[in-house]
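Student: Please see the structure below; I have some questions.
The values are calculated or read from the model by the stated rules, or taken from the named source; none is laboratory data. In this text the structure is predicted, and so the values were computed from the model without any measurement. Methodologically, a virtual Cβ is constructed for each residue, glycine included, from the backbone with ideal geometry; neighbour enumeration extends over all protein chains shown.
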Amino acid sequence: MNHVAKRAVASRATAPTWAGLFVVLAVLTGCTGTGSIFGGSAGPPQEAIQVTPQDGAKNIGPDGRLAVKAPDGRLRSVEVTRTEGARRRAVPGEIARDGRSWTPRGSEGRIRLGAKYSVDAVAVDGSGNRTTRHTTFTTLVPGHRFIGYFKPENRSTVGTGMIVSFDFSRPVTHRAAVQRAIKVTAVPPVEVVGHWFGADRLDFRPAEYWKPGTEVTVEMALRDVEGAPHVYGTQDKKVVFEIGRSQSSLVDAAAHTMEVRRDGELVSTIPITAGAAGKTTTYNGKMVVSEMREVTRMDGRTVGFGGEYDIKDVPHAIRLTDSGTFLHGNYWSDEGIFGSENVSHGCVGLEDVRGGSSDTPAGRFYDRTLIGDVVEVVNSEDKKVAPDNGLGGWNLDWTRWKAGSALR
């Protein structure tokens, strides 16, 4: 990208400066003749145009400074390009109003690792004499990288309880730097705060559920951010998703019912079976739908129940926690248990048929559910679900949520 400054006009005030600089350069270089320093024979161009990092520099780190200066002239144009692999990209920047310096602009101006930079600058003196400078430098190629696996997906429509969640591939010790590099904004605007769960997970949410119709943008500027000593991020990405209609469901484990509300209005009450009394009770608390499968296998050995069950075709499975709590269709139990008994191994079961059907209670609920919808369980004999078990962050009040931010 070219950045053009107006040509300087000579004045009596500037003439002594050029003359003095000519004398100094003549002494230092031993050159002869009367040519301008911008003409080439009176002095080396690096004295007229200074580039940082210096020409030929290697292994420049992410904290390196990129700048171009013309201490005794005016920059006419500056073009900086970055090459990563086979991809070339212009680095945006601005020439100062006095024409003496150029600096990069925005996140694109930050030094990127594993890249080669080239700088082409043109400067003029007060008489309009011109000089050019071409320099190159390369940046550090880190041996260790990290990425953040995130949800929800780009361009998705999600429920009002959706939490933006990052799971990092390596432990993060520089939490403030990483959190600062991730920006979550909303239209209409609302405060969104990040909360760390350990060293490898960062979630974002507002104080209350999102309003329907909100557009949420997640900007990740993690590339070359040092997440831990000598471990740098790779992602430079933007994700946009939309909040759909409001739907929340209240499971009463004691009453064996689930009340479903749309936009605050009760639309249905569904008979359910929850976790059996004793060791297989269902968690209390607010859980957010994070995954939906029309059919899945549920094997008790994967969640600590040994060989107590292995059902290869569970229909209409809606994941509520990472530890294995689902709301799902149940075709193997007697119809009479729904609305009257709790017999599951911790999940919430709705009446269904083998293979699933859109005409069953489970099928109708599944078809009307979005990732990000909230399901809250009350009156169970179990404890409240942990806030980091799935997208359980709504179980923390706003004060405790903000206390988990690294930007305080």
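Student: (1) surrounded by fewer than 18 Cβ atoms within 10 Å (Cβ to Cβ); (2) under 18 Å from Arg130 (Cα atoms); (3) at pLDDT below 50: which one isn't true of Glu47, the others all being true?
Tutor: (3)
Student: Mind checking which strands (runs of 3 or more DSSP E) fall wholly inside the stretch 212-327 and carry at least 2 residues that are among the acidic types (Asp, Glu) and more than 25 Å from Ala362 (Cα to Cα)?
Tutor: Filter on the stretch 212-327 gives 215-221, 236-243.
Student: Of the numbered conditions (1) crowded, with 17+ Cβ neighbours inside 10 Å; (2) in contact with a Leu (Cβ under 8 Å, 6 or more places away or on another chain); (3) aliphatic (A, V, I, L, M), Val141 satisfies every one except a single condition; which is it?
Tutor: (1)
Student: Name the pairs: first residue in the stretch 53-75 and not assigned by TED's automatic domain parsing to the domain that holds Asp125 and β-branched (Val, Ile, Thr), second residue surrounded by fewer than 17 Cβ atoms within 10 Å (Cβ to Cβ) and modelled with pLDDT under 90, Cβ to Cβ under 7 Å, at least 6 apart or on different chains?
Tutor: Filtered contacts from the stretch 53-75: no entries.
Student: Name, by its number, the condition in (1) in the same structural domain as Trp102 (by TED's automatic domain parsing); (2) in contact with a Gly (Cβ under 6 Å, 6 or more places away or on another chain) that does not hold for Arg205.
Tutor: If we test Arg205 against (1) in the same structural domain as Trp102 (by TED's automatic domain parsing); (2) in contact with a Gly (Cβ under 6 Å, 6 or more places away or on another chain), just (1) comes out false.
Student: Does Thr273 qualify as being in the same structural domain as Asp373 (by TED's automatic domain parsing) and under 17 Å from Ile318 (Cβ atoms)?
Tutor: Yes.
Student: Now, a different point. Confirm whether Ala362 is buried (at least 21 other Cβ atoms within 10 Å of the Cβ) and free of Cβ contacts under 8 Å to residues at least 60 places away in the same chain.
Tutor: Working: buried (at least 21 other Cβ atoms within 10 Å of the Cβ): yes; free of Cβ contacts under 8 Å to residues at least 60 places away in the same chain: yes.
Spelling it out, Ala362 is indeed buried (at least 21 other Cβ atoms within 10 Å of the Cβ) and free of Cβ contacts under 8 Å to residues at least 60 places away in the same chain.
Student: Let me ask you something else. Taking the condition within 17 Å of Lys402 (Cα to Cα), surrounded by 16 or more Cβ atoms within 10 Å (Cβ to Cβ) and of a type outside the set (Phe, Trp, Tyr), does Ile182 pass?
Tutor: In short, yes.
Student: Any residue at all in the stretch 271-293 that's without any contact (Cβ under 8 Å) to a residue 24 or more places away in the chain and either of a type in the set (A, V, I, L, M, F, W, C) or in contact with a strand residue (DSSP E or B) (Cβ under 8 Å, 6 or more places away or on another chain) (or both)?
Tutor: No, that holds for no residue.
Student: Let me ask something else. Scan the stretch 150-167 and give yes if some residue there is in a strand (DSSP E or B), of a type in the set (Val, Ile, Thr) and free of Cβ contacts under 8 Å to residues at least 60 places away in the same chain, otherwise no. Before the answer, list the steps.
Tutor: Just the residues of the stretch 150-167 that are in a strand (DSSP E or B), to begin with: 150-151, 157-158, 164-167.
Then keep just the ones that are of a type in the set (Val, Ile, Thr); that gives 157-158, 164.
Restricting the remaining residues to those that are free of Cβ contacts under 8 Å to residues at least 60 places away in the same chain gives 164.
Yes; the residues of the stretch 150-167 include at least one that is in a strand (DSSP E or B), of a type in the set (Val, Ile, Thr) and free of Cβ contacts under 8 Å to residues at least 60 places away in the same chain.
Student: Any idea which residue in the stretch 90-118 is modelled with the lowest pLDDT, counting only those that are of a type in the set (Lys, Arg) and under 22 Å from the mean Cα position of the chain (by Cα)?
Tutor: Arg110
Student: Another question, then. Does Gly198 meet the test of being within 19 Å of Glu153 (Cβ to Cβ) and in a loop (DSSP other than H, G, I, E, B)?
Tutor: no
Yes/no per residue for (1) at negative phi; (2) touching a residue at least 60 places away in the same chain (Cβ under 8 Å); (3) outside the structural domain of Arg155 (by TED's automatic domain parsing):
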{"site": "Asp310", "(1), (2), (3)": "yes, no, yes"}
{"site": "Pro315", "(1), (2), (3)": "yes, no, yes"}
{"site": "Gly329", "(1), (2), (3)": "yes, no, yes"}
{"site": "Ile337", "(1), (2), (3)": "yes, yes, yes"}
{"site": "Val343", "(1), (2), (3)": "yes, yes, yes"}
{"site": "Gly346", "(1), (2), (3)": "no, yes, yes"}
{"site": "Asp352", "(1), (2), (3)": "yes, no, yes"}
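Student: What number of residues within the stretch 367-408 are of a type in the set (Val, Ile, Thr) and surrounded by fewer than 21 Cβ atoms within 10 Å (Cβ to Cβ)? Step through it out loud before you land on a result.
Tutor: Quick first cut of the stretch 367-408, residues of a type in the set (Val, Ile, Thr) only: 369, 371, 374-375, 377-378, 385, 399.
Now narrow it down to the ones that are surrounded by fewer than 21 Cβ atoms within 10 Å (Cβ to Cβ): 369, 378, 399.
Here the count works out to 3.
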